Structures are given as structure tokens and as C-alpha cells.
Amino acid sequence: MVVVLVVIAHLSPRAVARQFPNAKAQIGEQAAYSAAQPAKLNLKLLTQEIVVGDKSKLEIAVLNLENQRVSAKRDLECDVSVRFPSGKSSDQTVWIKQGQTNAQTDFLADESGFVSILVRPKEENIRPDRIELIVRPVSQPTKKKQSHKGALLGSNPAQYARANLRAERLDARFRPVNYGFVREPAYSSATETITDRGTSGSPILHISLSDPGGTYHANGTDAAVITVVFESPDSSPAPVDIHIWFKWTNGSLNPPQPLQIKKGTFSATTQLNSSSPAEIRLTFVNSSPAYQAQGDTDVVLHFVPMGAALIGPQQLSVVDNTPVMLVFYDGNQNPVAPGKNWSVTLRSTQSKLHFTPARFEVQAASPSGSALLFPVSWGSDTVEAVVANYSIKPLTLVITGWMILGLCLAGGVAGGLAAYNKLKGSWMWRIFLGILGGGILCWLYVYLALPNVEANIAHNTFSVFFVALLGGYGGISVLDFAAKKLGWMTA
């Protein structure tokens, strides 16, 4: 089959439904298929607070676009990379076995401070994940100083009483007089603390996305996870509640801003999602108290349609020119324009369907692109569409030919009988030549003519009868015509 690709620049959802009555059902099948496919990894540290030297568990889970756990379709190899404050890094490979939804590995906190952990799958179309955290130093135990009172408590009671009286008199002598003034604290706010410390020793905010260069799906659920980590020079937690503000061009934050790092904690997260395809620019604005921020402070996130479905017939004739279409759809399973040109590659598994050209683009303003199908053989074949960031359910077609064979036979017989009325001779011989001539001309028609003709009348099933009729009437002269067309014989 040769496919003549016709990219539809502006095809509305209603037009898609008119041209393909089964489009809604096929989109529904694609949505169910996508729900069972791994789409992203989720990295989680199973211990809430980490102290240097601790060995904790990391869990890597496989999720779909609805944030539900799904099983790995095959053994999934994942690279886990840990980066420590000194620049030291460690790498390991973790396998999620086929049929499993997650796997665990050990994380050894070798250094205190800001640590970043990235997990990246070897398989395409599965999004990586990243978490960042503060590893606290080992707290040094402090020895309690033995009080003078405690030291004397076991001594002579009279000696203890005299010492206590001297202390009270000394305290009264140097007790300050309160004139109604309130003493100001050393720092009135965390902001002043930062200013006094100077830039080099100031706490900072680390802003990170789960996958800053990744592609997210516009279904209102698949989200870019934004994490803000507070790091102080001594690895202590936030001294006060910290409020963080962002600016973004589309979508919504959940929970809404301001993002809040609670006093005594190190981090907070929020999620940016969208219900429509868009490029969203996310920018850090400021924080209160005002801290310097670094990391993903100004990024562009790509939200693409929820899914893409391959839509076409389940059965067609060997002479048909039935179209096949790739349609992008939103969270409600309605066709939606992708917002940018999208490359699509079609291929068949049994080579009974050929594609010319093998690639085309769905235009930014159109929800779909289509192609005309021209089969070259009988039986069944499977059409696969390769589209970046999507797992497309293959489309299986059955190519029928028995009706074509019957029409070819009937046309050849009719042509032979028509030739008998003019040329006379034997009935059986004329019928034989009619069937032979009709079959040869139909073969030339299906395999040589149809791939180069787009007119619908040429691809009508009953056209085969009239082609066979002409071939049957021509009889043995069709053999000469075919030999010349194939280059087997010169004039």
C-alpha cells in the first residue's frame, strides 16, 4: 500500500467526528491503553529527616499520567545519581522488574548539607524524577555544667545556706533598674539576620523542578512538582515561617501560593498543572523573609495534549483508499490542537501497507493529520504511529480481497463473452482468455495504477468489474500490453 498523506490544516472536532464516526470510541480505547502505560517515575525518600551517616531507603515507583501506580511492561533499568555538597557524586543502577510497580534501594548520607538525587529511566517516553533535601550534621552532645548549688547540695547544709545568702546579695547589688524601656532583640527579623551575615554566609533557597526540561501532559493531573529547600550555613531548619511567591503565564498552582516552609522544617512543595496545551514560563518572584534563591528560578515548561490516538478503519478492501488519522485529544477525550507542529512517523509491521512519505507533521492549529491508505496485499496488518512523548495504541486492519477476486472473475467472463460475439471462435476459449486478460489487467490496475491515482472513482470496489471487463474483452492482447508496461518486451 502506498499512502498519500493529506495533512489537514484546520479540522474541527466536529469534522473529525463526521469523517470518522468511530473516532470517539477509538479515542476512548487509546485513553484506556495510555492509563496502563508507564509515563513517569516517582522518587521518594522513606525517612523524613536524614542525619549524616544514616542509611535510608529510596523508593522508585512507576506512575501513569493520572499519578496512579502501574506495572512495568518489561524490566525497567533506572540510573540513580546522588550529588553531595562537596561535588562528590555516586551512581547506581536499580531495576524495576516486569510486573512490579516499584523498587527500593539504599541511600547513604555521606555528607551534611544540600543533596540532590536524580533517577532517570533507560526507556524512552518515561519521565525522570528528582528530589532535593538537607542532610543534617550529627549534633554534638553538650556536657552539663555542674551548678555551684548542686555542688554544695551534698556538703554541709550550713555552708550551703551561707553561700546562697551571698549569691542573693550579689544579685541584688547588680540587678538592673527598669525605667520602662523595652530592650530590642539582637535581630528584629530573619531578613536583618541575613543582611548582617553577608552574602557568603547567608541562608539560601534552592528551587527545583522534578524534571525541568521535561514534557508534561495537559490533563489537570500530570504536574510539574516544584520544591523549595531552605539551606542555612549550619544546616539548621527555617527559623521562621518562610513564604515564597512565583509568577507563571498559564495553568495553576496546587496548593496555591504563597508556598510556605514552616518554621523548624527545611522544604515545601507545590505542583503546577494545566488543562490545555501551552508553554508556561515559571519565575521566582521573592520570599518573605527575603532570601536569595538559586536553581530553577526562571524556566519554561511544556504542557502537551493529554494523548494522541490513531484512528482508522478496522477493515478495508484491497482497492480502497480509506484514510487513517492521528488525533490529539484533551483530558475530556475531545480533539485538541497541539499548539506546535508535531512530527508523526507511520509504519506497518507486515509490510502490506507502505507509506509515502513515511513522515508528516500535524500542524499547530489542527488537532489531526491524516493519510490515505492503499493496500497492496490481502490479510491483516498493523499500523504503528511513532510520536514523541506518546505511547500510541497500534491500529490493526484486515485487508479483504474475496469480493475483488469475484468481481475480477465476473468481469473477465463478461468480457470474454462480449469478445465471442464479435470475434466468434470457441466459447470456452473466449471465456478462458477473458478470465486471463481480466485478471492481468486487474493486477496492473491494483498494483501499478491505484497508488498513483487519487480519484475516488478509481478506488471504488465496483471499478474492478469494469477493468476486468475491458481485460476480458482484450483477451490475449492484454498480455502484450502488460509485457510492454513492465519492460519485458519492446515495441
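Tabulated data
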{"quantity": "Pick from region 230-274, criterion more than 20 Å from Ser116 (Cβ to Cβ) and aromatic (Phe, Trp, Tyr), ranking: least open to solvent (accessible area, probe 1.4 Å)", "calculated": "Phe246"}
{"quantity": "Region 349-378: number of residues that are in contact with a Pro (Cβ under 9 Å, 6 or more places away or on another chain) and among the charged types (D, E, K, R)", "calculated": "1"}
{"quantity": "Residue check, Lys393 open to solvent by 40 Å² or more (accessible area, probe 1.4 Å), charged (D, E, K, R), at negative phi and at pLDDT below 70", "calculated": "no"}
{"quantity": "When residues of region 232-265 are limited to those that are of a type in the set (A, V, I, L, M, F, W, C) and in contact with a Leu (Cβ under 7 Å, 6 or more places away or on another chain), the one farthest from Gly220 (Cα to Cα)", "calculated": "Ile244"}
{"quantity": "Top-ranked residue of region 355-379 - restricted to ones that are part of a loop (DSSP other than H, G, I, E, B) and hydroxyl-bearing (Ser, Thr, Tyr), ranked as farthest from the chain's Cα centre (by Cα)", "calculated": "Ser377"}
{"quantity": "Selection within region 49-58 - over 27 Å from the mean Cα position of the chain (by Cα) and assigned to a strand (DSSP E or B)", "calculated": "Ile50, Val51, Lys55, Ser56"}
{"quantity": "Of all residues making up region 240-267, the number that are among the hydrophobic types (A, V, I, L, M, F, W, C), part of a loop (DSSP other than H, G, I, E, B) and without any contact (Cβ under 8 Å) to a residue 60 or more places away in the chain", "calculated": "1"}
{"quantity": "Residue within region 59-66 that is assigned to a loop (DSSP other than H, G, I, E, B), open to solvent by 70 Å² or more (accessible area, probe 1.4 Å), over 15 Å from Ser116 (Cα atoms) and in contact (Cβ under 8 Å) with a residue 40 or more places away in the chain present", "calculated": "yes"}
{"quantity": "Test: residue in region 80-102 that is of a type in the set (Asp, Glu), farther than 16 Å from Ile134 by Cα and surrounded by 13 or more Cβ atoms within 10 Å (Cβ to Cβ)", "calculated": "no"}
{"quantity": "Of all residues making up region 205-262, the number that are modelled with pLDDT under 95, closer than 17 Å to Glu132 by Cβ and among the acidic types (Asp, Glu)", "calculated": "1"}
{"quantity": "Count of region 247-273 residues which are farther than 27 Å from Glu49 by Cα and of a type outside the set (Lys, Arg)", "calculated": "6"}
{"quantity": "Residues that are assigned to a strand (DSSP E or B) and more than 23 Å from Ala218 (Cα to Cα), drawn from region 67-80", "calculated": "Leu76, Glu77, Cys78, Asp79, Val80"}
{"quantity": "Qualifying position, being within 27 Å of the chain's Cα centre (by Cα) and open to solvent by less than 20 Å² (accessible area, probe 1.4 Å), among Leu316, Leu326", "calculated": "Leu326"}
{"quantity": "Region 339-354: number of residues that are in a loop (DSSP other than H, G, I, E, B) and surrounded by fewer than 20 Cβ atoms within 10 Å (Cβ to Cβ)", "calculated": "8"}
{"quantity": "Among residues of region 292-313, those that are open to solvent by less than 20 Å² (accessible area, probe 1.4 Å) and outside any strand (DSSP E or B), counted", "calculated": "2"}
{"quantity": "Ser34 being touching a Gly at 6+ places or on another chain (Cβ under 6 Å), in contact (Cβ under 8 Å) with a residue 60 or more places away in the chain and either in a loop (DSSP other than H, G, I, E, B) or surrounded by 14 or more Cβ atoms within 10 Å (Cβ to Cβ) (or both)", "calculated": "yes"}
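The values are calculated or read from the model by the stated rules, or taken from the named source; none is laboratory data. Source: prediction; values computed, not measured. Cβ sites come from the backbone with ideal geometry, for glycine too, and all protein chains shown count toward neighbours. Side chains are part of the model used for accessible areas, which takes the heavy atoms of the whole protein and leaves out ligands, DNA and RNA. Shrake-Rupley method; radii C 1.70, N 1.55, O 1.52, S 1.80 Å.
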